Amino acid sequence: MVTEPVQASRVLKLSRPTVYLDQWMWVALAKAENGKGDSREIKAFEAVKNAAESGVAFPLSSTTYSETLSGVTDPNQRMTLARTVASISYMRTLRAPQVLVEHQFRTAMHAQFGRPTFRPAPIDVLGHGAHWAFRGEAGGFTFSAPEVETLIPRTTMTEVYQWAEFRLFAGPRDDQVASLRANGYNPEAAAASMSSRVDWENHLYTALKNEGMAKPSAPVLRFFVQAREVLHEHNRLLYELFHEYNMSVERTFSGKDVKTARRKLSNFSDAVPSLRIAADLKTHLFRQRKPWTTNPIRDIDALAHAVPYSDVVVPDREMISLLTRSKTAEAFGTTIAHLEDLPSALGPLAARAERLGDDRTGWGGNTFRLDPPPGVTF
């Protein structure tokens, strides 16, 4: 089943057709490429590969990197997965969430409060590699001997960077971990941060299942979730931007009564696409009265930033259900696709991408290297 967008708003859509795939989908494609997939996975792989070659973008997110490094512990399996991912995505990535959300905040402030005075210009959303996905900036690789870049032809340097992004995504071999730790590699820090976020969501889950607590109505629960999302995930950004434009958060969101104040904050939150999506999905998940784990938090992180900019998203079944019931994807003109429906969804996108012409990889050409260029050793 494909859930088609209704009353679609395409304000944030990109000129290049864009499809976001959840982690399980990348795993399915890797299975198909290596002769272990079922008929649906093989058909989807062929369609995705052809669409990528036509110029459809299949960007990764920072969540894709995190799930690969933490969820695929065997280095050989990670390398196999990374080869499939790189050959389809060309290591295209969505820009860092904090950069996208800041732009969304500024746009919402302009629309609702007239500050900034002019609507913020669109920003680049698609880039390449981990630095773009985590920091929102191009680049990230440097040579210990700077003169190396002057000695290698430009086309070869591009191939070096392509290969390096692919290998970075594949992660370290077991025999490399010790030396990486000596230089600051600390995956436990990310795990601890995620654990804290799980605890935060479970705090409300525990309160909601308390028999002595009056159950909030659906609108009130959604406001609770919106307020928690703003205060826990984006509080610093909110205050920094309001200070930049000489505005007071407290005065802006106050009102003659509680209902008025809530409506002001809720309306602003809904004007920030990633906040709206996160609030909708989390509200529906809280209504299911299920304890929180890492997986839905990561899924919601990814979808909150992918849905506004993507033509098609392929989440897991739980997120498909939440997106469908909340009608969140519809509001942004984004198609929700199951595995078996992906080939038909990709056809029109591939035709659009073909009309864009060359540079289908985003690297300034139509090739992508998965091995070191000839004559270059590491």
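The values are calculated or read from the model by the stated rules, or taken from the named source; none is laboratory data. Since we're looking at a predicted model, the values are computed, not measured. Methodologically, a virtual Cβ is constructed for each residue, glycine included, from the backbone with ideal geometry; neighbour enumeration extends over all protein chains shown.
Listed residues Leu275, Leu238, Leu303, Leu281; which is in a helix (DSSP H, G or I), of a type in the set (A, V, I, L, M) and surrounded by fewer than 21 Cβ atoms within 10 Å (Cβ to Cβ)? Result of the check over Leu275, Leu238, Leu303, Leu281: Leu238.
Under 24 Å from Asp22 (Cβ atoms) and crowded, with 18+ Cβ neighbours inside 10 Å: is that true of Thr107 in this structure? Answer is no for this residue.
Does Arg154 meet the test of being at pLDDT below 95 and either among the basic types (Lys, Arg) or closer than 30 Å to Asp270 by Cα (or both)?
yes
Scanning segment 338-359 for residues that are at pLDDT below 95 and touching an Asp or Glu at 6+ places or on another chain (Cβ under 7 Å) yields a total of 0.
Filtered by the rule that a residue be of a type in the set (S, T, N, Q) and surrounded by fewer than 23 Cβ atoms within 10 Å (Cβ to Cβ), segment 64-73 gives Ser66, Thr68, Ser70, Thr73. For segment 149-192, the candidate set comprises residues that are exposed (fewer than 10 other Cβ atoms within 10 Å of the Cβ) and among the polar types (S, T, N, Q); within that set, the residue that is nearest to the chain's Cα centre (by Cα) is Asn183. Residues in segment 324-346 that are in contact (Cβ under 8 Å) with a residue 60 or more places away in the chain and surrounded by fewer than 20 Cβ atoms within 10 Å (Cβ to Cβ): 9 in all. Taken as a whole, the structure leaves Glu137 outside the set of residues that are surrounded by fewer than 17 Cβ atoms within 10 Å (Cβ to Cβ) and modelled with pLDDT under 90. One residue alone among His131, His103 is at pLDDT 95 or above, within 17 Å of the chain's Cα centre (by Cα), assigned to a helix (DSSP H, G or I) and within 26 Å of Thr68 (Cβ to Cβ), and that residue is His131.
From the set of residues in segment 202-230 that are under 20 Å from Asp270 (Cβ atoms) and not hydrophobic (A, V, I, L, M, F, W, C), which is surrounded by the fewest Cβ atoms within 10 Å (Cβ to Cβ)? Spell out the reasoning first.
From segment 202-230, those under 20 Å from Asp270 (Cβ atoms) are 204, 216-230; that's our starting set.
Checking the rest, the ones that are also not hydrophobic (A, V, I, L, M, F, W, C) come to 216-217, 219, 222, 226, 228-229.
Numbers: Pro216: 14, Ser217: 9, Pro219: 11, Arg222: 22, Gln226: 25, Arg228: 16, Glu229: 21.
So, considering only residues that are under 20 Å from Asp270 (Cβ atoms) and not hydrophobic (A, V, I, L, M, F, W, C), the one surrounded by the fewest Cβ atoms within 10 Å (Cβ to Cβ) is Ser217.
Does Pro116 satisfy the criteria of being in a loop (DSSP other than H, G, I, E, B) and touching a residue at least 40 places away in the same chain (Cβ under 8 Å)? Yes; evaluated as a whole, the condition is true for this residue. Of all residues in segment 284-300, those that are hydroxyl-bearing (Ser, Thr, Tyr) and either in a helix (DSSP H, G or I) or buried (at least 20 other Cβ atoms within 10 Å of the Cβ) (or both) total 1. On inspection, Thr93 qualifies as closer than 19 Å to His305 by Cβ and outside any helix (DSSP H, G or I). Beta carbons closer than 7 Å, at least 6 apart along the sequence or on distinct chains, pair a first residue in segment 152-177 that is under 20 Å from Leu81 (Cα atoms) and without any contact (Cβ under 8 Å) to a residue 60 or more places away in the chain with a second that is in a helix (DSSP H, G or I) and not polar (S, T, N, Q) for Leu168/Ala130.
Residues in segment 1-32 that are at pLDDT 60 or above and aliphatic (A, V, I, L, M): Val11, Leu12, Leu14, Val19, Leu21, Met25, Val27, Ala28, Leu29, Ala30, Ala32.
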